[in-house]
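Colleague: Below: one structure in structure tokens.
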């Protein structure tokens, strides 16, 4: 029932979930069940896909299962950010800001220059909510299911790397560090949530669901992964390239990121692609 190419992603997410449960229990974190319920839609979709595959609908099953895994990765890694926040080191904003200055990047000037394009940039930034589903379905419908699973696994690897690096370089982000209000902020900023958790808060509420990771930027990593994934699909490659270039331009502003965060996201995307390519090549040779 399980597609063999999906197994590496299942294994990685299961390991992440195991670490999450262990740390959450060991550090006495309490997560309200109501916060968990919406995420369980993805395991349900994955099981439905397996049943569809069993009755012969392999393409539909592949698209559904790939989509379920690309979004369901959060079950394995999202809640790990809470205990890791409590264990994290001092905020790294002085170092991240210093690197940006060395690169000649002025976050405030950049934000001001792009202010007229904010509505378009906001839409591009939020496109990450639906782009992965488009990529997985398009790859399946184009007969590239193996490439789809490489993309899904590479995304999981990138997320795992970003989560692992996060506690060593937590940050409040340039919007807060430079004295501006982040444009995306509606309630608590992620720097505030990290500090609250460091101070001993163990009851996780919906207000604490924020984009914790500053360095490296997972948005930047996803931009690279999405373009790489769909590049063989001619009708989609230029649309995705353009959209993700705009999303990258929006990420420092709406993601409250330093430029070095974006560069870090690029690096983990390239590393994740290399790991995925190597692993799937090894598995293909083993099956042969």
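Colleague: Is segment 1-141 rounded, prolate or oblate when judged by the Cα gyration tensor, a ≥ b ≥ c being the square roots of its eigenvalues, rounded requiring a/c under 1.5 and prolate requiring a/b larger than b/c?
Modeller: oblate
Colleague: Next up: What is the angle, in °, between the Cα long axis of helix 234-254 and the longest principal axis of the Cα atoms in the chain? Nearest 10 is fine, range 0 to 90.
Modeller: Here the helix axis deviates by roughly 20 degrees.
Colleague: So, one more: Would segment 59-114 count as rounded, prolate or oblate if I go by the C-alpha gyration tensor, calling it rounded below 1.5 in a/c and otherwise prolate when a/b exceeds b/c, oblate otherwise?
Modeller: oblate
Colleague: Nearest 10 degrees, 0 to 90: what angle lies between the long axis of helix 131-141 and the longest principal axis of the chain (Cα atoms)?
Modeller: Once rounded, the angle reads 10 degrees.
Colleague: May I ask you to order 145-157, 201-213 by the average number of other C-beta atoms within 10 Å around their residues, highest value first?
Modeller: Descending packing order for the listed peptides: 145-157, 201-213.
Colleague: Using a 10 Å cut-off on Cβ atoms, rank the peptides 113-123, 77-87, 215-225 from the highest mean neighbour count down.
Modeller: My ranking of the peptides, most packed first, is 215-225, 77-87, 113-123.
Colleague: Going by average Cβ density within 10 Å per residue, which order do the peptides 158-167, 7-16 take, highest to lowest?
Modeller: 158-167, 7-16
Colleague: Between residue 51 and residue 120, what length comes free when the chain is fully extended (0.36 nm per residue of separation minus the Cα-Cα distance, one decimal in nm)?
Modeller: 20.8 nm
Colleague: What distance in nm separates the two pseudo spin-label positions at residue 133 and residue 112, each 7 Å out from Cα along the beta-carbon direction?
Modeller: Label at residue 133, label at residue 112, 4.0 nm between them.
Colleague: Estimate the FRET efficiency between residue 141 and residue 11 by the formula 1/(1 + (r/R0)^6), using the beta-carbon distance for r and 30 Å for R0, to the nearest 0.05.
Modeller: Step by step, r from the Cβ atoms, then E = 0.70.
Colleague: For the pair residue 90/residue 198, report the inter-label distance in nm, with labels modelled 7 Å from Cα in the Cβ direction.
Modeller: 0.9
Colleague: Applying 1/(1 + (r/R0)^6) with R0 = 35 Å to the Cβ-Cβ distance of residue 282 and residue 31, what FRET efficiency is obtained, to the nearest 0.05?
Modeller: Plugging the Cβ-Cβ distance into 1/(1 + (r/R0)^6) gives 0.45.
Colleague: Oh, and also: If you average the sequence gap of Cα pairs under 8 Å that are 6 or more apart and divide by the length of the chain, what percent do you get for the contact order?
Modeller: 25
Colleague: Just check the chain against the gyration tensor rule for me: Cα atoms, a ≥ b ≥ c as the square roots of the eigenvalues, rounded for a/c under 1.5, and otherwise prolate or oblate depending on whether a/b exceeds b/c.
Modeller: It comes out oblate by the Cα gyration axes.
Values quoted throughout were computed directly from the atomic coordinates according to the rules given, and no laboratory measurement underlies them. Note that the coordinates shown come from a computational prediction; the quantities given were computed from them, not determined experimentally. For neighbour counting, all protein chains shown are included, and Cβ atoms are generated from backbone atoms with ideal geometry for every residue, glycine included.
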